[in-house]
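**Student:** Dropping a structure here in structure tokens format, bear with me for questions.
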């Protein structure tokens with residue numbers, strides 16, 4: 001039995017053990033959806049970091065830096081800066097005003113049915129985009145490492161999907177949290193070790209390291225990877241980079257699987273502490289992606305990576321080159337753990353939103369037959385979401401870069417979710433019609449621009465639509481984010497003033513800033 005397979009099986013056994021332990025402690029809606037609100041600040045901070053440091057970060061960003069140098073590094077900068085938005089704007093009000101999902105905050109002062117229905121649709125869309133990225137990364141990684149065992153890309157995707165469903169259905173948020181904590185610790189340990197090995201290769205000399213980066217062999221040509229423009233080229237390169245930055249910085253505060261983490265802690269102070277922990281871990285990790293990406297470009301080489309699994313295998317192949325097959329297996333197992341943890345977080349956020357927002361509060365008018373009915377619906381939703389994600393990932397195949405797919409998920413979250421969250425918390429005049437228009441405008445505009453962009457439309461073999469792109473930018477954030485805010489604004493000012501909503505705004509403002517009454521939920 002190969003070393004990668006042994007390490008994969010060990011991690012699967014460990015996480016299934018965590019799931020079995022958590023399943024005995026996940027009775028009741030609060031325990032299943034929010035881990036009983038017993039997660040401490042440092043635990044939630046590590047779990048948030050585990051949720052955030054996805055396959056797009058470990059595999060995709062390292063690959064983009066290895067292939068496109070400085071421009072790929074800008075992905076890391078965007079992901080790193082994004083948590084300031086979460087810390088300063090949404091973490092405390094969200095924990096104080098909500099219960100299980102972001103729609104709880106909207107429904108606190110607005111008419112619940114329409115806003116919950118649209119918020120649930122947005123959550124499912126963002127989660128699906130993000131999840132497909134993880135599944136594609138998992139399929140590529142596992143199929144490459146276990147090809148001698150006859151595991152194909154399709155079987156690898158299916159296996160990951162089944163494990164993800166098991167974590168969520170049986171263990172709920174508690175199992176998901178601890179899987180993310182274990183994964184984050186392993187990922188940070190592996191990334192630190194790999195970064196040290198890269199620096200050791202250059203005799204711990206940053207001058208020697210950057211000298212090598214300035215002279216990378218790119219298919220027989222010497223290219224300076226410290227020069228901007230290898231990915232974002234004229235005439236639209238600068239706009240595309242700005243658009244991506246906007247999506248990353250504002251999209252984080254609208255990601256459903258990140259927002260639900262703040263409901264697992266007992267109070268807003270703990271939520272703030274967890275964000276500080278997460279920022280420290282995430283910041284350290286994204287700095288180290290520089291060593292992974294540039295190390296792969298200078299030590300392994302683009303040509304070798306392209307022939308042995310492609311761009312997403314840059315970090316594992318770097319590990320193999322520096323420390324042999326055992327370390328290669330270890331790093332690959334960490335990447336596998338990364339994917340499993342993130343897809344579990346995405347699945348529980350999607351299933352929670354559907355069960356709590358749409359089924360219970362829209363279809364059932366806030367009434368259920370018994371306390372556990374909501375949990376049963378969430379578990380069924382997890383099966384459906386998992387099956388759909390598996391099918392789409394198999395349809396797309398292993399050619400899509402996972403960082404690109406996640407960038408699109410951030411754009412949708414920034415365009416649809418963030419405007420209505422901010423305006424609901426900070427604008428007294430905001431109405432239900434404004435929330436629905438903002439969610440719908442942001443969601444539809446971002447999806448339409450994504451379909452019309454070079455990411456989907458093009459004449460190359462990797463494009464889903466073989467036609468010249470209508471929209472010139474890869475990421476729609478620079479257009480769709482303002483459209484989301486404008487939709488919410490015009491939807492509000494063109495509708496009648498809602499005196500009840502404005503009165504509830506005062507209650508929301510007090511609760512969001514003081515936490516008064518939040519501990520009861």
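Derivation of every value follows stated rules applied to the coordinates shown; laboratory data play no part. On a predicted model such as this, the values are computed, not experimentally measured, just so you know. In this analysis, Cβ positions are derived from the backbone assuming ideal geometry, glycine residues included, and neighbour counts consider all displayed protein chains.
**Student:** Where the Cα atoms of the stretch 238-397 are projected onto their three principal axes, how long is each span, largest first, in whole Å?
**Tutor:** Principal axes ranked by extent give 61, 38, 38 Å for the Cα atoms.
**Student:** Sticking with this structure for a sec: Relative to the longest principal Cα axis of the chain, at what angle does helix 70-81 sit, 0 to 90 degrees, rounded to 10?
**Tutor:** So the helix axis and the longest Cα principal axis differ by about 30 degrees.
**Student:** Output the direction-averaged projected area (hull surface divided by four) of the convex hull of the alpha-carbon atoms of the stretch 463-521, in nm².
**Tutor:** 8.2
**Student:** Quick one: check the C-alpha center-to-center distance for the stretch 476-520 versus the stretch 176-232, whole angstrom.
**Tutor:** So the two Cα centres are separated by 42 Å.
**Student:** Continuing with the same structure: Highest mean first, what order results for 29-41, 115-127, 291-303 on Cβ atoms within 10 Å?
**Tutor:** The packing order, highest mean first, is 115-127, 291-303, 29-41.
**Student:** If you bin every alpha carbon distance in the chain into 20 Å steps from zero, what whole percent lands in each bin?
**Tutor:** 24, 57, 18, 1
**Student:** Starting from the Cα of residue 499, step 7 Å along the direction of its Cβ; do the same at residue 323; then give the gap between the two resulting points in nm.
**Tutor:** Simple spin-label model gives 6.8 nm for this pair.
**Student:** Rounded to the nearest 500, what is the 222 nm mean residue ellipticity of the chain from helices alone, with -39500 (n - 2.57) per DSSP H run of 4+ residues and division by all residues?
**Tutor:** -22000 deg cm²/dmol
**Student:** Right, here's the next one. Using Cβ counts within 10 Å as a stand-in for footprinting exposure, how do 151, 493, 181 rank, fewest first?
**Tutor:** 493, 151, 181
**Student:** Report, to the nearest 10°, how far helix 268-295 tilts away from the longest principal axis of the Cα atoms in the chain, using its own Cα long axis and a range of 0 to 90°.
**Tutor:** It is inclined by approximately 20 degrees.
**Student:** Quickly rank 441-454, 348-361 as a protection proxy: mean count of other C-beta atoms within 10 Å, highest first.
**Tutor:** Most protected by this proxy first, the peptides run 348-361, 441-454.
**Student:** Still on this structure, please answer the following. Would you please classify the overall shape of the stretch 147-218 from the alpha carbon gyration tensor, given that a ≥ b ≥ c denote the square roots of the eigenvalues, rounded means a/c under 1.5, and beyond that prolate means a/b larger than b/c while oblate covers the rest?
**Tutor:** Oblate is the answer for the stretch 147-218, as a/c is 1.5 or above yet b/c matches or exceeds a/b.
**Student:** What angle do you read, to the nearest 10 degrees and between 0 and 90, between the alpha-carbon axis of helix 432-451 and the longest principal axis of the chain?
**Tutor:** 20
**Student:** A further question follows. Show me the ranking of peptides 319-330, 87-98, 168-179 by mean Cβ neighbours inside 10 Å, starting with the highest.
**Tutor:** Ranking, from highest mean packing down: 168-179, 87-98, 319-330.
**Student:** Given just the C-alpha atoms of the stretch 1-151, how large is their convex hull per residue in cubic angstrom?
**Tutor:** It is 170 Å³ per residue.
**Student:** If you take all C-alpha pairs in the stretch 259-317, what percent of them are over 19 Å apart?
**Tutor:** When every Cα pair of the stretch 259-317 is considered, 52 percent fall beyond 19 Å.
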